[in-house]
1. Order these peptides, 76-88, 10-22, by their mean beta-carbon neighbour count within 10 angstrom, highest first.
2. Given R₀ = 25 Å, what would the calculated FRET efficiency be for residue 209 paired with residue 232, taking r from the Cβ atoms and rounding to 0.05?
3. Between residue 66 and residue 79, what is the label-point separation in nm under the 7 Å Cα-to-beta-carbon projection?
4. Can you work out the PRE-style zone for residue 187? Point 7 Å along Cα to Cβ, and I want the residues of the stretch 163-177 with backbone N under 18 Å.
5. As a quick test, which of the pairs 171/213; 181/228; 36/101; 76/101 have an alpha carbon distance above 25 angstrom in this structure?
6. Which FRET efficiency value, to the nearest 0.05, is calculated for residue 239 and residue 8 with the Förster distance at 30 angstrom and r the Cβ-Cβ distance?
7. Semi-axes, largest first, in whole Å: what does sqrt of 5 times each Cα gyration tensor eigenvalue give for the stretch 2-118?
8. What trypsin sites (Lys or Arg not before Pro) in the stretch 148-184 are in a loop by DSSP, with at most 13 other Cβ atoms within 10 Å of the Cβ?
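We did not get these values from a lab; they are worked out from the coordinates using the rules stated. Keep in mind that this is a model prediction, so the values were computed, not measured. Note: ideal-geometry Cβ built from the backbone for every residue, glycine included; neighbour counts use all protein chains shown.
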Amino acid sequence: MENAFSVIKLPVYNHNKNPHSIVLTNGYAESEIKNKELWNGAGKKVDSIKIIFTNYPADKNFWLTDYHQLLAERLKALFTVDHTLNTTQIAYQLLLQTQCKTDSEARNMFHGIEIVFHYPIPVKRNELVTDSLITNPNKTTEPIAPPNAEAKRISGFINSNGGITDSTVIKILERHKEWKKALVVMDWTGSMYPYGGQAVLWHSLNLKTSGLKYFVFFNDGNNETRKKIGRTGGIYFERAENIKKACKPA
């Protein structure tokens, strides 16, 4: 079961008060969720779930509580709160806090679950891009099909990740036709797909006049758990003229 999780070791877990996350409390060596009323999954799309432990003792074979049984019980408690969280579509992580050398220090650290989510905007199954800046030169609101396969594919990808609810990226690219040989660097992770996707989509719809020459996509390090600055990975470069390859990350 543990192999299905990415494992991250950190000195101390601190919730960064992200408005798009909810923290549920278990307690030391406990599986019951004490504040389950905080979670309401309605209207939310969950990106990742972090199960927070203390790494004490460092060798799990010496734990007084069976580690794997405790993990299983915490997951069961979570799925009792919301059964839809039991899916491989969500990235699960184990966070092991290491700044504890005694039983007392471990007991005083946080033990629980953080659920990270975003709010997707429902879109029609057959809806393509409706932004008049890129789909209709007459500025009507009627959607028309993108003119090439790559544009159609990236359009569908954006819609499946919440759709274009803020077309700022497209509007900026439309406004700055003087940009030539531009390099676009974009965060290519879940919540940012609709924004990075706009840049790729706009380019695919304006191949003859686009001033975009290079794309750089970066993620969270290809799910590496022990990340080293300069050697983490997860950075991909592509010439914008290779539109099929540029669309491949989608």
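1. On the way: 76-88: 13.4, 10-22: 11.7.
Packing order, densest peptide first, comes out as 76-88, 10-22.
2. Working: r = 36 Å, r/R0 = 1.43.
Rounded to the nearest 0.05, the efficiency is 0.10.
3. Placing both labels 7 Å beyond Cα along the Cβ direction yields 1.7 nm.
4. Backbone N within reach: 163-170.
5. Numbers: 171/213 18 Å; 181/228 31 Å; 36/101 30 Å; 76/101 29 Å.
Table pairs above 25 Å Cα-Cα are 181/228; 36/101; 76/101.
6. Values: r = 34 Å, r/R0 = 1.14.
My answer for the efficiency is 0.30.
7. Values: eigenvalues 110, 43, 35 Å².
For the stretch 2-118, the ellipsoid semi-axes come out as 23, 15, 13 Å.
8. Details: sites: 152, 153, 171, 175, 177, 180, 181; in loops: 177, 180, 181.
Passing both the DSSP loop test and the Cβ count: 177, 180, 181.
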